[in-house]
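The values are calculated or read from the model by the stated rules, or taken from the named source; none is laboratory data. All values derive from a computational prediction rather than experimental measurement. No Cβ is skipped: glycine too gets one built from the backbone with ideal geometry, and neighbour counts run over all protein chains shown. When the accessible area is computed, the model is the full protein with side chains, heavy atoms only, and any ligands, DNA or RNA have been set aside. Shrake-Rupley method; radii C 1.70, N 1.55, O 1.52, S 1.80 Å.
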Amino acid sequence: IYWNHMPQSGVQLKLDRSGLVTVFSGATEIGQGSDDVLVGIVAEILGVEVSDVHSVTGDTHLTPVDLGSYSSRVTLMMGNAAIQAAERARALIAEAVSRKLEVPQDRLTFADRRVFDSADPDVGMAWREALICAEETHGTLGTVGGYTPPRSAARFKGGGVGPSAAYSYSAAVVEVEVDENTGWITVPKVWIAHDIGRALNPVLVRGQVEGSVYMGLGEALMEESAFRRLPPKRSGALVHKFPSLLEYKSLTTHDMPEVETILVEDPDPHGPFGAKEVGQGPLLPIMPAVANAVYDAVGVRIDEVPITPDKVRKALDDLAKGGPGRYGPKPFPEVAYPETMLGPPPWEGGDGKATNDPERRRAAKLEQVKLS
């Protein structure tokens, strides 16, 4: 969430007598399936097929503002905006059809490319007829929707950093086989469970989860940015040791293990139809799960990624010599933290007014002296 007073995502709908619906959204499809989610949500609410809905996305010249495809925000924010736009369109159509059929609006159902009386399904009209009826009543049909997140309850400095309207959780179990002679790690199988809220498109969701497993295993086992220092005569700068993507290894189909995906569905009240993110969450537990599995297999701890055969061998040698059997950075780097704030921070029972501003600190100390 970026705190401001404007919607974080917007959607516009255009409906016409041909029966087609065009949805405009600034959310960008980068392979995660957001176009399918957008079209599916609109089709669900209007009771039509996804083939009846066309999408125009990611074009800032034509679409309303969306803050971007990152941070697992698209389905939740774009989805809620799409629901609002589609519900407004449905209300316009229902008003016109209600008059035409002399049926109360609250009894009208939108499904199977029809708008009909839920008490008597034979009384109704086809979707295209309903659009013509609505256009006769209201003129050219178009609606808009937006999503503005709930305000933060946090009153203290920093309380608005990194918030979300909904949070998801993942758990992973990784099976590894480690060759003690070479340190080579093989991953036969991964079990991954993700709290999705509700899967709007189960095929897309499973693809995202398994893609996260793929990325996590790459980070855990082989992906690395290594650097070397040029000689002083050549500036002494740090440069990539392997500047070609041919040297930046990632898993192939031969390396990818069997993945058992478990979708945990508990609809979230803030998500569209209860949905939450699936773009990043399943990635996070893979690296520590691999590290724990290596420890379970051969009794050594690798404290950095990637966990490569040479690191496993060095840790095994250290263990054989009576050492702790660990490999990785020894000390925690020194960090020049600023002076601590006056009084305990709010999460430890402070008043939420702690500050590093010298003048305000002095004034606060004087106030404390007076009170004491």
Residue span residue 112 to residue 36: 0.36 nm per residue of separation minus Cα-Cα distance leaves a gain in nm of 25.5 nm
Residue (of 191, 140, 236) at the positive-pole extreme of the range 126-264, dipole from beta-carbon charges: 236
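Given the -39500 (n - 2.57) contribution per DSSP H run of 4+ residues, what per-residue ellipticity at 222 nm results for the chain, rounded to the nearest 500 deg cm²/dmol?
On the way: 7 runs with 112 residues, N = 372.
When only DSSP H runs of four or more count, the value is -10000 deg cm²/dmol.
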Dipole magnitude of the range 14-161, debye to nearest 20 (Cβ charges: Lys/Arg +1, Asp/Glu -1, about Cα centre): 780
Taking every DSSP bridge whose two residues both lie in the range 1-140, the antiparallel percent to the nearest 5 is 75
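How much accessible area per residue does the chain have, counting only protein heavy atoms and a probe of 1.4 Å, in square angstrom?
Values: 21630 Å² over 372 residues.
Ligands and nucleic acids excluded, the result is 58 Å² per residue.
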Residue 95 paired with residue 332, simple spin-label distance in nm, labels 7 Å along Cα-to-beta-carbon: 6.1
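Whenever you get a sec, compute what percent of the accessible area on the range 27-128 sits on carbon and sulfur atoms (1.4 Å probe). List each step's numbers first, then the result.
Details: 2300 of 4940 Å².
Carbon plus sulfur share of accessible area: 46 percent.
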Relative frequency of Cα-Cα separations exceeding 15 Å in the range 73-118, percent: 49
Using amide H atoms built 1.01 Å from N in the peptide plane, name the residues 5+ places from residue 123, or on other chains, whose amide H lies under 5 Å from its own. 117
If you compute Rg and Dmax of the Cα atoms in Å for the structure shown, which of (1) 22.9, 74; (2) 28.0, 88; (3) 20.8, 67 do you land on? (2)
Accessible-area composition of the range 185-271, carbon plus sulfur, in percent [1.4 Å probe]: 55
Nitroxide proxy distance, nm - points 7 Å out along Cα→Cβ at residue 256 and residue 184: 2.2
Between residue 239 and residue 177, what FRET efficiency follows from the Cβ-Cβ distance if R0 is 35 Å, with the result rounded to 0.05? 0.45
